[in-house]
1. Looking at Gly391, Gly410 in this structure, which one is touching a helix residue (DSSP H, G or I) at 6+ places or on another chain (Cβ under 9 Å), in a loop (DSSP other than H, G, I, E, B) and not β-branched (Val, Ile, Thr)?
2. Take the residues in the stretch 664-692 that are among the β-branched types (Val, Ile, Thr) and surrounded by fewer than 22 Cβ atoms within 10 Å (Cβ to Cβ), then tell me which one is nearest to Lys575 (Cα to Cα).
3. Please go through the stretch 773-796 and give me each residue that is farther than 30 Å from Thr909 by Cα and either surrounded by 15 or more Cβ atoms within 10 Å (Cβ to Cβ) or at pLDDT 90 or above (or both), ordered by number.
4. Does Ala199 count as at pLDDT 95 or above and touching a strand residue (DSSP E or B) at 6+ places or on another chain (Cβ under 7 Å)?
5. Would you point out which residue out of Pro512, Pro561 is over 31 Å from the mean Cα position of the chain (by Cα), loosely packed, with under 14 Cβ neighbours inside 10 Å and touching a residue at least 24 places away in the same chain (Cβ under 8 Å)?
6. Restricting to the stretch 502-521, give me the number of residues that are over 21 Å from Leu569 (Cβ atoms) and part of a loop (DSSP other than H, G, I, E, B).
7. Do any strands (runs of 3 or more DSSP E) entirely within the stretch 641-723 hold 1 or more residues that are within 24 Å of Leu801 (Cα to Cα) and under 32 Å from the mean Cα position of the chain (by Cα), and if so, which?
Amino acid sequence: MSKARLLSGVVAIVTLGAAAPAWAQDSSAQDATQASPADVDDSLTSDIVVNGKRERTALNDERDATGTVDIVTTGDIAIRSQTSVADLAKQLPGISVSRDQGRNQSATGEAQFVSIRGFDTSYNAYTLDGMRLPQIAGSSRAISLNLFSPFAVGGIAADKTPGAAKDSDSIAGIIDLRTPTAFDFSGNFVRARALGQLASLARSRKQEGTGAAVGVDAARRFGSDHQFGLYVAAYYENRANAAESTAVQNDYKATNKTTQTVRQVYEAGGSLSADGVQWNFYNNEIKRYGASGALDFKSDAVDLFARVNYATYNNTNTMNQTGLRNELTSGQTNPNGGAYNAAGVYTPLGINPASYFRTEDVEQELFSAQIGAKAHWNGFTASIEGAYADGRFDQPNRIEAAFRGVAYNGAAGNTGAATEGVVVDLSNVKSPRPVLSSGATAYISSLDRPTQLYVQQGYDYLSETKKTVKASLGWEGEGLLSSVSVGGLYEDSDRDGRSLAPDNTRYRFLTPLQAGTVQGPSIAQYGGAVINGFLDYYPPRPIKVLSRSTLDEQVATYVAPKVISQEILNQGLTKGTEDRKALYATATLKSGLVEVMPGIRYEDNSFSAQYWLSDSDGARFVNAGRDYDHVDPSLLVAWRPDNRFVVRGAVRSSYSRPSFDQIAGTTKISRDAESNAIVSITQPNPDLKPVEAWSYDAGFDYYGGVGRYFQLAVYYKDLKNIVVPTGTRSIGETIDGIVYIRPTNGRTGNAKGVEASGRFTLGDLVGGGVLGNLGVGGNVTYQKTRATYAITNTDVRTTSLPQAPDLIYNAEIFYGGGGIRANLWYNYTGRILATVQDSQPDIYVQPVGELNFGVAYEVTPNLEVGISGRNILDQHTYWATVGKGKTYISNDRNGGYMKTGSVFQLSLTLKM
């Protein structure tokens, strides 16, 4: 990738300007005669706005809502260097983000999933312009928002108290991505935005770290009464970055020999010892492109609309790992006879230098289309909408290669009784370091050893098509009964998945440890480059970024010819359908300054799937399904004593559907070798109950004029039928002599919290002028959560809700005046429980913060130049530990300690 990519965005602006359609050329004349409706959003027309105006329209929507809704507008590339809408959503109160650690998505430096108040993603509903999206981010019900770009999404709304007219499988709330329409703007326009980026960590390691993006959008109102509106947008982004992480190799061991589990030792305050150590370097190349369009017709009698969106996200990801493993190889012996010496102290023996290479390429694609109509007549309103969405998640090239050979054991010729092993110093909690003798250092530092052990390739694929129809009939009047609405929804989803674990295609090279026909190369023999630095400690075994083309050639030569049995292929096949039907009724009662909205919603769910059953008595495809329904009443109340104050309250019932892998998937039957009787069945559980919740919310808003507001909310959620969402827990239950190992519902849980947000511009308090354009803002969410669930039949635990942090906050200093806009923004997410474990301590993700800045200058009324930076303090992106404290860094499977560096951006925004 050429460095010229940095300039491509600037060049594209000139090209776009030359190609601007004629309908933009006459917009000035039309704007002079066209009246601006009172409800249009002038701030979305251009990012060249007086600071505060952008927030004002969204704030008006929040104030007018009966429930608690938070909205952030996107697309301001001048002072925001985030090019993923998930990262921009962090500005909202109580919004936290997460990533698929297993697919190396943390290494991109981008957020992937968005959650309200940190609740597991399965507790959130995700919509695009009010319609549900295909759920293709693995087996969960999460939506991977890195698919969407701020060049095409106009805003993000978090509805934390949705009423009966909206989906009730939304315990935390609903995240709605909103695409612009021509009626959102005060006039016609064509706008071009372009940016160039530089990733500091990648460049400091002499890796590709540049990027650029360009987007163009346009809006036009036309017709005799400007009753038609057309909005179109298109964008393309290509950027590269790097990341580096460190972790221990395997699960921790008790330092002193004991009959207790490691978890019990940790909880009693005992000492743990690390088993091996490793270091990882990641390279990413991200491409994000797409287009969207909105066609609208508005009149007194009828409104018509059509929406279309297309989005693609591709990430070419490679990981190069070097490590030191505690293991002995052929011809080496352990004089202790085990992991502990005669004194009962953990004493690892054998130092095996290892290297590992993995790709986690990801391709995501989404197409969606919506049409709808709304008719108005004599106080009555009838509406109907239809939507089709097709989503795809594909990992076509999951390549893995390992390098291992003879371990160093401290003895002559590395044979016989071992005297040395990998002792890991954990005094630096972010950087585990091996303690090695000079002989061990000399042995493991050479990249001439070992040679390649194997190469293999697998794949993952998942697609879902979703078809939705919904309709409503409403009446509005005057008096106590202000409005009544009834409606319904039908949603049909079809899922198709296939996967092949890389282990099933393994090709083994000839090494001193195994037979083979081809001698594999060493790391030194590979093309590529050794990186010149690493975190704050360079490992004793160098890290080399291998030539990917060599690995691709190996796959084509050795892996592709392998014949995979049909049974192995069948194990990765799943098909499923899910139908959801809903009916609801709501009313609005108004008495003086009080507005009350009671409602009730009924939802019926039907799920069926086909998957593989492994059974020595006859493997086969089997079917499973489940039907369940839910009734959810709700009551929303708002009191507006004047334009400055709003007091809200809400009580509502809701639920969360189990994730797909918990209710359908590969099943295995184990039988007695002699009698052939079934001994155990390992399976998902189609009979899992949905998680159910009652939510209680209250809030208070104060609006003190432009750039001044304060919002306060308190909430309580009461949960039952908890299923641990961060790792499906399976417990054994004996029925008629057969042990069933499957996920089960837990018991109860709750969450209680307080949330505050505000913004204050100095303004007339300092007599205007330069200081008057200065302001501060921010939000904070503090909560306590609890969940009780079963790990085994005899191990019932109570912890915080997985994924839910105790503290989330944003703090901001901003300036706007004299053609200059500036912003300094800090985001913080507190510690979370990430993974519940059995005999090991639970995995926690430690607090993470990020400081961002942006400055924009209005060169002309139609041109703005911006400079911005993300994570300018170079804080860690991810830090997982074993246990709540920071003493024990996690193993690699859970992420360890990772940094992705800072990103700096130059942007241009041109309105034509």
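The values are calculated or read from the model by the stated rules, or taken from the named source; none is laboratory data. None of the values given here were measured: they were computed from a predicted structure. Reconstructed Cβ throughout: ideal geometry from the backbone, glycine too, with neighbour counts over all protein chains shown.
1. Exactly one residue qualifies, and that residue is Gly410.
2. Out of the qualifying residues, it is Thr666.
3. Scanning the stretch 773-796 gives Val780, Thr781, Tyr782, Gln783, Lys784, Thr785, Arg786, Ala787, Thr788, Tyr789, Ala790, Ile791.
4. Spelling it out, Ala199 is indeed at pLDDT 95 or above and touching a strand residue (DSSP E or B) at 6+ places or on another chain (Cβ under 7 Å).
5. Details: Pro561 fails: touching a residue at least 24 places away in the same chain (Cβ under 8 Å).
Among Pro512, Pro561, only Pro512 is over 31 Å from the mean Cα position of the chain (by Cα), loosely packed, with under 14 Cβ neighbours inside 10 Å and touching a residue at least 24 places away in the same chain (Cβ under 8 Å).
6. 9
7. 645-656, 691-703, 708-720
To keep it simple, each residue is scored yes or no on (1) touching a Phe, Trp or Tyr at 6+ places or on another chain (Cβ under 6 Å); (2) over 22 Å from Gly163 (Cα atoms).
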residue	(1), (2)
Val435	no, yes
Ile444	no, yes
Gln457	no, yes
Tyr461	no, yes
Lys467	yes, yes
Gly487	yes, no
Asp492	no, yes
Thr505	no, yes
